[in-house]
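Just passing along the structure, written as structure tokens.
The values are calculated or read from the model by the stated rules, or taken from the named source; none is laboratory data. As the structure is a prediction and not an experimental result, all values here were calculated from the model. Note: ideal-geometry Cβ built from the backbone for every residue, glycine included; neighbour counts use all protein chains shown. SASA here: full protein model, heavy atoms, side chains in, ligands and nucleic acids out. Shrake-Rupley method; radii C 1.70, N 1.55, O 1.52, S 1.80 Å.
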Amino acid sequence: MGVARRDCGGLGLGLLVVGCLILTGLELCNCGMTSSYVRNDDLSLDMPLDSDVFRVPPGYNAPQQVHITQGDYVGKGVIVSWVTPDEPGSNTVLYWAESSQLKSRADGFFRAYKYFNYTSGYIHHCTIKNLEASTCPYSPYCSSFLLVHLSELMSCLLQFDTKYYYEVGIGNTTRQFWFITAPKVGPDVSYTFGLIGDLGQTHDSNTTLTHYELNPAKGQAVLFVGDLSYADDYPLHDNNRWDTWGRFIERNAAYQPWIWTAGNHELDYAPELGETRPFKPYTNRFHVPYKASDSTSPFWYSIKRASAYIIVMSSYTAFGKYTPQYKWLQKELPKVNRNETSWLIVLMHCPLYNSYVGHYMEGETMRVIYEKWFVEYKVDVVFAGHVHAYERSERVSNIAYNVVNGLCTPMSDQSAPVYITIGDGGNLEGLVTEMTQPQPSYSAYREASFGHGILDIKNRTHAYFGWHRNQDGYAVEADSIWLLNRYWNPSQRSSVAAL
């Protein structure tokens, strides 16, 4: 690991380390760290199409690209999605608790789309959530029978914090997977999230996903901050690359929910190809429970999961004042009950604070509109991607400016969130290595390397975040911080966990 460089004048490294450690729960000193670790900044190389990670499952019309996401507002439901390449096949998911032999069923729907010279397979989405009369084998019976067989009846309903197996497909090409539902929502419920962004399908992408899978912290769900397959970077927006990417992530996304955020590479807007409907591949392939949070669009929505309230925002649809997204968030933030979900997390694609030259200040318009709300409602952390590197901010805000007062510099603000950019999944565009100099005071740590993050919520007051760099075939925790909840610890500062 390289020695870090700090832009702090003539102070010696030893004095800095002592000064930053003698904090007894206080925040990092007012000098950011730029890692001196240097990795090859050549463009990442795609994995060959005959790689095992892209392998098509055997059998005629076998389900592929299986992935799950949360299917309701509170974490008890699951949306199962998959593709059948040759014909529609079955829309049904069979599922059963690990402790039960009784199989229940849920029925979904399928869709298909065309994009320029590409025609998709049959894309299935099935929500397992509430008991439906047509899906439970006990529904035709009388109430007295149901009371006797209550345990069997309950097996038709997903329970919190329970392992379930599920099957998709029919005949000789059924495939079986499993998932674990979230624990019941509560302020002190511990839970571990993985953070991945801008993944793509290169050798570095594979390393990132492998490191996440092998991380001893054992993430239970992935918060994905946008830019999925990078299909739009291939000639003619080659949508076959959506299929390869779906098969690539299946090894993890079929077993734990990935919470989706749309990025700029999901736009797939190409009028020169006759494709003028933005997000066409993305919206057909990825189904999210946006209506459960009274959203009118799959690009912005919220969910509760364990002790976290997660708000997904869209950087690439209208977000100005009076737009649907603006009006929705204006109503959404006051609904958050921190006595129920103590941690308030926001996901978006374009970062509001970024000190890299690449995409510098692209998030400024959204910051000006929404940052004051993030401070007012004490958002704990905002995760973003877009910049192909890693960066963590201090707790700062820049909300005093009113055109004439000249107060336009980010200031320390303990009611503000920590902003974390984690667009370093490994895509074919490579790393952003050029940084603004000197390192601005709002930037606490930055490094141009590929990697993933882990957010480990301990209780209502403390959470631990670690960023794991991809290095030499193994994962290194290059940056970490203890986050103190803004609602339950409003006057305390987050503390650096490791240097």
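Tell me, what % of the accessible area of region 214-360 is carbon and sulfur with a 1.4 angstrom probe?
Details: 2520 of 4700 Å².
C and S fraction of accessible area: 54 percent.
Would you compute, from DSSP H runs of 4+ residues alone, the mean residue ellipticity of the chain at 222 nm, taking -39500 (n - 2.57) per run and dividing by the full residue count, rounded to the nearest 500?
Values: 8 runs with 74 residues, N = 499.
Calculated from helices alone, the mean residue ellipticity at 222 nm is -4000 deg cm²/dmol.
Sort largest first and round to whole Å: the equivalent ellipsoid semi-axes of region 186-239, each the square root of five times a Cα gyration tensor eigenvalue.
Details: eigenvalues 164, 40, 6 Å².
Sorted largest first and rounded, they come to 29, 14, 6 Å.
Under 13 Å Cα-Cα from LYS327, which aspartates and glutamates qualify once same-chain neighbours fewer than 8 residues away are excluded?
The reachable aspartates and glutamates, counting only those whose Cα sits under 13 Å from LYS327, are ASP294.
Something else now. Nearest-5 percent of antiparallel DSSP beta bridges in the chain?
Values: 75 of 95 bridges.
Taking every DSSP beta bridge within the chain, about 80 percent pair in antiparallel fashion.
Straight-line reach only, C-alpha to C-alpha below 17 angstrom: list the lysines that LYS321 could link to, leaving out same-chain residues fewer than 8 apart.
Correct list for LYS321: LYS331, LYS372.
Follow-up question, since we're still on this one. Calculate the translational D of region 227-314 in whole µm² s⁻¹ from Stokes-Einstein, where the hydrodynamic radius comes from the Kirkwood formula applied to all Cα pairs, the temperature is 20 °C and the viscosity 1.002 mPa s. Don't skip to the answer; put the middle values down first.
Numbers: Rh = 14.3 Å.
Calculated translational D: 150 µm²/s.
Next question, about the same structure. Just to be sure I follow: if Rg is taken over the C-alpha atoms of the chain and Rh is the Kirkwood radius over the same atoms, what is Rg/Rh? Please report the intermediate quantities before stating the final value.
Working: Rg = 23.0 Å, Rh = 23.6 Å.
Using Cα coordinates only, the ratio equals 0.98.
In percent, how large is the relative contact order of region 374-437, given Cα pairs closer than 8 Å and 6 or more residues apart?
Working: 109 pairs, mean separation 29.7, N = 64.
46 percent.
What does the accessible area of ILE249 come to, in Å² to the nearest 10, when a probe of 1.4 Å is used?
0 Å²
Quote the relative contact order of the chain in percent (integer), defining contacts as alpha-carbon pairs under 8 Å separated by 6+ residues. Don't jump to the answer; show the numbers that get you there.
On the way: 1235 pairs, mean separation 87.8, N = 499.
Once divided by the residue count of the chain, the mean separation gives 18 percent.
Over region 183-305, what is the relative contact order in percent, taking alpha-carbon pairs closer than 8 angstrom and at least six residues apart?
Numbers: 155 pairs, mean separation 26.7, N = 123.
The normalised contact order for region 183-305 reaches 22 percent.
Let me ask something else. May I ask for the percentage of alpha-carbon pairs in region 317-456 that lie more than 24 Å from each other?
Working: 3170 of 9730 pairs.
Across region 317-456, Cα pairs with separations above 24 Å total 33 percent.
Further, regarding this structure: Given charges of +1 on the Cβ of Lys and Arg and -1 on the Cβ of Asp and Glu, with all other atoms neutral, how large is the dipole of the chain about its Cα centre, in debye to the nearest 20?
Values: 39 positive and 49 negative charges, 332 e Å.
Dipole of the chain, to the nearest 20 debye: 1600 debye.
Leaving out same-chain residues fewer than 8 places away, which lysines sit with a Cα under 20 Å from that of LYS458?
LYS184, LYS218, LYS304, LYS378
What figure, in Å² to the nearest 10, do you get for the accessible area of LYS372 with a 1.4 Å probe and non-protein molecules left out?
90 Å²
For region 206-269, what Kirkwood radius comes out of the mean inverse Cα-Cα distance, in Å? Please report the intermediate quantities before stating the final value.
Working: mean 1/r = 0.0781 Å⁻¹.
It works out to 12.8 Å.
Take the solvent-accessible surface of the protein heavy atoms, probe 1.4 Å, and return the percent of it on region 396-498 that carbon and sulfur atoms account for. Write out the running numbers ahead of the final one.
Working: 2040 of 3810 Å².
After summing per-atom areas, the C and S share lands at 54 percent.
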